[in-house]
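I have placed the structure first, in the form of C-alpha cells, so that the comments after it can refer back to it.
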Amino acid sequence: MNTRLLFIPAIALALTACCTNKQEAHGPATMPAAMAHHESMWESVNSAVAVLYPTKGNSASGTLTFTTNPGGGAGGVHIHGTITGLDPNSIHAFHIHEFGDASAPDGMSAGGHYNPEHHMHGGPNSPEHHAGDLGNITADSSGTATIDIDAPDLSIAGLKDPIIGRSVVLHAHPDDFVSQPAGNAGPRIAVGIIGIAKSK
C-alpha cells in the first residue's frame, strides 16, 4: 500500500482538529469583545442632525435634530426642528429613508422607507409600520412646519434600528397610512442626510 496516500489525509485531519480547537478556544471570546467594542464606539452618540435641502423645482428646507430619549418614557429618539418654504396650511408625509444619499435631483437616491424589520407600511401608531414611518407634518399659514415628535422605534446609533447615515425625506402629499409601500405620498420635495451632531 502507498503510505504517502495515508499520510496526506492524516495531516488534513490533524489540521482540521487544530483549527477547530482554536475556534473553540478563541471564537466565542471574540464575539462579545467585538460587540462591546461596537457599543463603546457609539454609546456616546446621543444626538444627530439633518439639514434638509429642496429637490429640483421645490423650495422646502430646514434643520432637524435627533436626540436620544432618556430611559423610560417614550424611549427611542426625539425629533425637533423647523421646515420652511411649504405651501400655507399644507400637509406632507415625513419619513426616514434607507440611504444617506441625496445626490439625485428628485431625491430618489435616498431609496425606500427605512424598514429593517420588514413590516408593512402604516402610520406611526399603526400596529404594523416601517421604523421610518413618522407620519405627516402640517405647515402653518406662513408655510412653516414645526416638528416635535418621539420615534420610539428608532435609535441614533444603537443596535436597534439606527438612523445615522440614513436620510429624512419630505413628500409633496400627505401619507394615507394605507397604500403600499409608501402611503401614496407623492414626489420628494426635500431630503436631508442624518449625521452625528457636534457636541455642545
statement: Counted residues in region 48-71 being within 16 Å of R188 (Cα to Cα) and either among the small types (G, A, S) or not assigned by TED's automatic domain parsing to the domain that holds L86 (or both) come to 6
task: Return a yes/no flag: does region 147-166 have any residue that is more than 16 Å from I96 (Cβ to Cβ) and at pLDDT 90 or above.
output: yes
query: Looking at this structure, is G132 without any contact (Cβ under 8 Å) to a residue 40 or more places away in the chain, crowded, with 20+ Cβ neighbours inside 10 Å and not aliphatic (A, V, I, L, M)?
result: yes
statement: Of (1) at pLDDT below 90; (2) surrounded by 21 or more Cβ atoms within 10 Å (Cβ to Cβ); (3) within 20 Å of A50 (Cα to Cα); (4) touching a Pro at 6+ places or on another chain (Cβ under 8 Å), A93 fails just (1)
task: Could you tell me whether G195 is at negative phi and either under 15 Å from the mean Cα position of the chain (by Cα) or part of a strand (DSSP E or B) (or both)?
output: yes
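The values are calculated or read from the model by the stated rules, or taken from the named source; none is laboratory data. Note that the coordinates shown come from a computational prediction; the quantities given were computed from them, not determined experimentally. A quick note on method: Cβ atoms are made from the backbone with ideal geometry, for glycine too, and the neighbour counts reach across all protein chains shown.
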